[in-house]
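In what follows, a single structure is set out as structure tokens and then discussed.
The values are calculated or read from the model by the stated rules, or taken from the named source; none is laboratory data. In this text, all values refer to a predicted model and were calculated from it rather than measured experimentally. We place every Cβ from the backbone using ideal geometry, glycine too, and count neighbours over all the protein chains shown.
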Protein chains: 2
Amino acid sequence: MDKVDLQQAGLRVTGPRLKVLAVLEAHRDNHLSADDVYRILCEANDDVGVATVYRVLSQFESAGMVKRQVFSSERAVYELAEEEHHDHMICTTCGDVEEFCRAELEQMLEQLAEAHGFKPLYHDLNMYGLCRRCQAQQQA
Amino acid sequence: MDKVDLQQAGLRVTGPRLKVLAVLEAHRDNHLSADDVYRILCEANDDVGVATVYRVLSQFESAGMVKRQVFSSERAVYELAEEEHHDHMICTTCGDVEEFCRAELEQMLEQLAEAHGFKPLYHDLNMYGLCRRCQAQQQA
DNA sequence: ATATTTGCAAAGCATTTGCAGAGAT
DNA sequence: ATCTCTGCAAATGCTTTGCAAATAT
């Protein structure tokens, strides 16, 4: 089914692309940087050039298969695109990323935009703070 | 009063720092990149090294005098810090940045965070789309 | 007088690009 | 057979840093 995704995106089915896709799927719950993907592939002896990883990720993004995020001016991270939009809470201590979505919130944003005569296309909403675990550890 | 700001921040009052501050004040309604600031100073024959501009801006940020923003992975831009928090609408066509703030929105974010056991410290909320002017031009 | 700040040029980091060879259709 | 993709290494763009001279206190 990966092949199909690639073909639908008008991309040839190649080793590097399948490998990158596999890595993203194997780490669905993490947000990986291009370099993370590269490293994971290297460790698995699946040799793919860094440049290719960057190129493939950006092609996937253009094809709408992955989403690119930049959290507080760190390096970009990628996640497989899901149909439903979501926003992020990023722990400033451990770096953990939690996703959330709330229809009311999205509605309110639409309304706010409209009130400013602005036609919204997409948005980034990132909350930075302490995740549950790090709060607990801080108290200890 | 600029001098006072610098002194309060524990920074010595120097030419370059005053000049950078002056540029930011003269462009309150724009979001300037480090290079924008550098260029503006050059054009005014107020020679300050680029490195200094970067250093000064980051010192100002640490001191809470300016806010640093990164819109959709472009270069960082800076704006004088205001007491009230605000979010941004960025026109994807002309790059214009509009600020907005809505108490209900901030409240909802707090609630959402709490519901996730997350302790929010700050957030970035950027909407990308078409500003009023660019919408009009698109139709023409 | 002394500690901080500046400018320059060099280094750093993430990411992109040119190009010739390898690979997919 | 042809057009696309890959890997490498070099280039890019923004930002940071080392260091000696200049400056603020």
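Looking across segment B:69-87, the residues that are assigned to a loop (DSSP other than H, G, I, E, B) and farther than 15 Å from B:Ser33 by Cβ come down to B:Ala81, B:Glu82, B:Glu83, B:Glu84, B:His85, B:His86. Take the conditions (1) within 8 Å of DNA strand D (Cβ to nearest atom); (2) at pLDDT 95 or above; (3) closer than 19 Å to B:Ala63 by Cβ; B:Pro16 misses just one of them, which is (1). Pick out the one residue from A:Phe100, A:Phe71, A:Phe60 that is within 14 Å of DNA strand C (Cβ to nearest atom) and within 12 Å of chain B (Cβ to nearest Cβ). Testing whether each residue is within 14 Å of DNA strand C (Cβ to nearest atom) and within 12 Å of chain B (Cβ to nearest Cβ) leaves just A:Phe71.
Applying the set (1) within 16 Å of DNA strand D (Cβ to nearest atom); (2) within 19 Å of A:Lys119 (Cβ to Cβ) to B:Val70 leaves exactly one unmet item: (2). When segment B:100-130 is filtered for residues that are closer than 21 Å to A:Ser72 by Cα, part of a loop (DSSP other than H, G, I, E, B) and within 23 Å of the chain's Cα centre (by Cα), only B:Cys101 remains. Of the residues making up segment A:103-128, just one is more than 8 Å from chain B (Cβ to nearest Cβ) and either over 18 Å from B:Leu130 (Cα atoms) or touching a Lys or Arg at 6+ places or on another chain (Cβ under 7 Å) (or both), namely A:Ala103. Looking only at residues in segment B:5-23 that are part of a helix (DSSP H, G or I) and near DNA strand C (Cβ under 10 Å from one of its atoms), the one that is farthest from B:Ala34 (Cα to Cα) is B:Leu6. Looking across segment B:1-48, just one residue is of a type in the set (Gly, Ala, Ser), more than 28 Å from B:Ser72 (Cα to Cα), surrounded by 12 or more Cβ atoms within 10 Å (Cβ to Cβ) and touching a residue at least 40 places away in the same chain (Cβ under 8 Å), and that is B:Ala9. Number of residues in segment B:39-68 that are in contact with a Lys or Arg (Cβ under 8 Å, 6 or more places away or on another chain) and assigned to a loop (DSSP other than H, G, I, E, B) equals 2.
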